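Each remark here refers to the structure printed beneath this line.
The values are calculated or read from the model by the stated rules, or taken from the named source; none is laboratory data. Nothing here was measured: the structure is a model prediction, and the numbers come from that model. Note that we place each Cβ from the backbone using ideal geometry, even for glycine, and neighbour counts take in every protein chain shown. Accessible surface areas use protein heavy atoms only, side chains included; no ligands, DNA or RNA. Shrake-Rupley method; radii C 1.70, N 1.55, O 1.52, S 1.80 Å.
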Amino acid sequence: MASKAAAIAERKRVLRILIIDSDLDDVRRVREHLAAGGDFVTHAARTVDEARTLLDGGLFDVALVDSGIWTSQGSDLARHLRERRNDVAVVLLTSDENERDALPALKLGAHDFISKSHLEEGGQLILRIEGAYDENRSLRRRDTMVRWLEREARTDHLTGLYNRHAFDERLREACQKAREERRPVTLVMVDICGTRIVNEVHGHDIGDDMIRRAALGIARCIRGADTAARIGGDDFGIIIPDGDLALGRLIARRIAQEIERLNSSEWLDQVPVTLTLGVASGVSCEPGELFAAADQQLSDHKTVRPMISVLRMHEESNGPFVA
């Protein structure tokens, strides 16, 4: 009963309409029909520039656009609506009886159309407006759900970072771009030390908390362009596009220093987090080569404290540099 009442209330909401038409008589007729047939608040614009200004400055649910404006300048207006106001549904006001003539205009992104010669037919205009509004809302809800599902499929639920699937995809893309542009890509591998013992002694909840805290420290130390992912139980990978070995070493040290700071301050009463890090960088290398090089560095530093005080470098032919 409550859901039905909510649906009725939603249907009776006042819709905000922007009429985009250079013919003042047509604007007047549309306003008269809307005033007589339902709850609408209307504004009008005679040009695309006026429409963009109103769209940016106000809240609208539906744009009623003269098909002549839409087809002659529609690419600019359609782009503006798509990129900045995709919450606004579009109904075209055509002057033609031939519906096929409206199809190209619909392909620009309009949701529906109605001939101006049909404005006198009672509630046709209102039905088209409400239908376009409902369709646009449904499409946006679907798009939101799709984006949410895509994000869920690429997210590690324990840490909120990317998961292994997303990491592998990003690493392939970064290596391909590095080869094409002859610019470096760097990979930092991070391993949390002692999680197995912590799980055995304190329980898996404490072990999971260590992993979450390590992820938090890592996320604080990377750039916006970098990709941090949980790639195993207690392993993380950080992809640094367009970053050389020196930058990778800098970010690795930054992570180590941040974790040490947190251990001695915010995490003082919790099981400390200890990390091992490996860094590799390359230009013309395959994802597997870069991963193996960084992983090897990780193995070599297993006995070293998280601050990478011992760094060694060598260059493999056509492969990644490591540190």
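Could you say whether any residue in segment 36-45 is small (Gly, Ala, Ser), in a helix (DSSP H, G or I), within 26 Å of the chain's Cα centre (by Cα) and surrounded by fewer than 18 Cβ atoms within 10 Å (Cβ to Cβ)? Scanning segment 36-45 turns up no residue that is small (Gly, Ala, Ser), in a helix (DSSP H, G or I), within 26 Å of the chain's Cα centre (by Cα) and surrounded by fewer than 18 Cβ atoms within 10 Å (Cβ to Cβ).
Rundown of residues vs (1) aromatic (Phe, Trp, Tyr); (2) closer than 23 Å to Asp168 by Cβ; (3) at pLDDT 95 or above; (4) in contact with a Gly (Cβ under 6 Å, 6 or more places away or on another chain), yes/no style:
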| position | (1), (2), (3), (4) |
| --- | --- |
| Arg213 | no, no, yes, no |
| Ala225 | no, yes, no, no |
| Arg230 | no, yes, yes, no |
| Gly233 | no, yes, no, no |
| Leu275 | no, yes, no, no |
| Ser284 | no, yes, no, no |
| Gly288 | no, yes, no, no |
| Ala293 | no, yes, no, no |
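Tallying residues that are at pLDDT 85 or above and basic (Lys, Arg) within segment 119-140 yields 2. Going by the structure shown, is Ile218 at pLDDT 95 or above, crowded, with 18+ Cβ neighbours inside 10 Å and under 20 Å from Cys285 (Cα atoms)? For Ile218, the condition - at pLDDT 95 or above, crowded, with 18+ Cβ neighbours inside 10 Å and under 20 Å from Cys285 (Cα atoms) - is not met.
The condition (being of a type outside the set (S, T, N, Q), modelled with pLDDT of 90 or more and in a loop (DSSP other than H, G, I, E, B)) is satisfied by just one residue among Val271, Val279, Val310: Val271. Ser265 falls short of the stated requirement of being open to solvent by 40 Å² or more (accessible area, probe 1.4 Å), at pLDDT 55 or above and not in a loop (DSSP other than H, G, I, E, B). Scanning segment 4-27 for residues that are of a type outside the set (D, E, K, R) and in a helix (DSSP H, G or I), which turns out modelled with the lowest pLDDT? This residue is Ile8. Number of residues in segment 22-75 that are within 17 Å of Ile114 (Cβ to Cβ) and of a type in the set (Ser, Thr, Tyr): the value is 3.
Look at Val198 and say whether it is open to solvent by less than 80 Å² (accessible area, probe 1.4 Å), under 22 Å from Arg261 (Cα atoms) and more than 28 Å from the chain's Cα centre (by Cα). So Val198 fits the description; yes. Of all the listed residues (Ala256, Ala229, Ala280, Ala252), the sole one being open to solvent by less than 40 Å² (accessible area, probe 1.4 Å), in contact (Cβ under 8 Å) with a residue 24 or more places away in the chain, among the aliphatic types (A, V, I, L, M) and more than 25 Å from His165 (Cα to Cα) is Ala256. The helices (runs of 4 or more DSSP H) found entirely in segment 134-245 that carry 1 or more residues being within 25 Å of Glu289 (Cβ to Cβ) are 164-181, 204-221.
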